[in-house]
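These notes concern the structure reproduced below.
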Amino acid sequence: MTLAKNVIVDRDQRIADLAHQIWEQEGRPEGRSEAHWLRAAALVDEAAPLAKKSPPKKPSAKKTGKK
């Protein structure tokens with residue numbers, strides 16, 4: 001499995017787990033699975049670190065030209 005596929009599977013599993021928790025907290029209502037999934041997805045995405053953004057680069061030391 002590729003890294004990208006692993007990330008998607010991991011995200012989907014976290015969403016499924018959280019959606020299940022939400023469903024249980026709401027008293028296990030029928031017919032709300034899509035709402036629970038969407039709410040869980042929003043929470044997972046909100047909590048996800050910004051992996052696509054790299055940390056700011058440290059400024060390099062200025063060279064004086066002296067040897």
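The values are calculated or read from the model by the stated rules, or taken from the named source; none is laboratory data. Nothing here was measured: the structure is a model prediction, and the numbers come from that model. FYI the Cβ positions are ideal-geometry reconstructions off the backbone, even for glycines, and counts take in every protein chain you see.
Here are the numbers for the structure shown:
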| item | result |
| --- | --- |
| Within region 13-57, considering residues that are among the acidic types (Asp, Glu), in a helix (DSSP H, G or I) and at pLDDT 95 or above, the one nearest to the chain's Cα centre (by Cα) | 17 |
| Qualifying residues in region 1-24 (those that are exposed (fewer than 15 other Cβ atoms within 10 Å of the Cβ) and either of a type in the set (Lys, Arg) or in contact (Cβ under 8 Å) with a residue 60 or more places away in the chain (or both)) - the one farthest from residue 37 (Cα to Cα) | 5 |
